[in-house]
Amino acid sequence: MSTTKKPNMKNLIFIIAVILTFNSCQSGKKQETPFTFVENEQGTELLENGQKVFFYQKTPVKSGPEEFNHYIHPLYNLAGRVITRAYPKEEIEWHYNHRGIFWGWRQVYINKDTIGDAWVMNHIRLNVEQMKTETSKDRAKLILKVKWYSTKQAKKKAFMEENTMITVYPVKENIRAIDFTIGFKAIVPGVYIAGSDNFKGYGGFAVRIRLKDSLNYLTQNGLIEPQTAPLNAGPWVDFSTPALSPPDKFGLTILCHPSIPNFPSPWLLRREGSMQNPAFPGREKINIPMDKEVILNYRIIIHDGNATINEINKWFKKYTNSSKPN
């Protein structure tokens, strides 16, 4: 006669613990994501389902008399074609400082002393201390901590800290949204920034789009023509290429979040050889405090180049309904 030995309580508890641990490991598996970051010695490239989205340049690149880093280029359209420019030498006036998507200011001060020009990187250096990436099913994040230095300062100590997050969402309904949340906090007292010291007042968040192809400039009030002076173009401007055919055709919309201190920003728009810039703060300098961040929020939307005013207004409403972007 055979007998079946019953497991004792200790063995039963052990078996249950193993099962629970296995299930926990299974449920804790990394979420499937369409995004991949590929890092190299220059920076990191983001891909969605194997297609290029953008490259972030971490390592300084020599152009003209200065070195540049901490910017996005190339940025690609939905068909994988490059739509930004960097350091275009073939122009009559060589803009050696133009570099895809970046942010900088012509005037940087400590108290009353000018310490450099962060638009052309004269005497300003950026040290990317942290470059962290995160991916999930519904977004990819590039998280950056950057220290700002001036070569005019004898001790070469950082005067400002920047904390930036770039969030990319999957292509949906034929658009790709990219959020920029850019925060600045002074490390030393008396830090001030401003745009160009002329009637233009350009500075801040800037995008250098391919300009050799004719662009349409669309606002809430319809098509506009770029001018030398700043324009009150509203909370968003769309740039599209009606003369092109797929896969080269593209549209790019810049949305300014209402949380920006000078919302709605004046726009510096150019048809040839320059940047597209919702200017912040303008010609007059502002103080960067030490106890809290000055935060700038923008969203770029890449689309097929056929967006209407009604569609873009819906994108803007969706963006602004989020009190805290990202």
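Below is a table of values for the structure above.
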read-out: Amide N of region 169-198 lying under 17 Å from the label point, which is placed 7 angstrom from the Cα of LYS157 along Cα→Cβ; value: 185-192
read-out: Ordering of 221-234, 307-320 by burial proxy (mean other Cβ atoms within 10 Å per residue, highest first); value: 307-320, 221-234
read-out: Distance between modelled label sites at LEU223 and THR44, nm, 7 Å Cα→Cβ extension; value: 4.1
read-out: Label point distance in nm, LYS112-ASN262, each placed 7 Å from Cα along Cα→Cβ; value: 2.3
read-out: FRET E, pair ASP138, LYS292, Förster distance 22 Å, beta-carbon r, rounded to 0.05; value: 0.15
read-out: Relative contact order for the chain, counting Cα pairs under 8 Å that sit 6 or more residues apart, in percent; value: 15
read-out: Efficiency of FRET from Cβ geometry, ARG271 and GLN51, R₀ 30 Å, rounded to 0.05; value: 0.50
read-out: Label-point separation, LYS145 to SER245 (7 Å along Cα→Cβ), nm; value: 5.2
read-out: Highest to lowest packing among 132-140, 276-284, scored as the average C-beta count within 10 Å; value: 276-284, 132-140
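The numbers here are math on the coordinates, done by the rules we state, and not lab data. Remember, it's a predicted structure, so these values are computed and weren't measured experimentally. Glycine also receives a Cβ, built like all others from the backbone with ideal geometry; neighbour counts cover every protein chain displayed.
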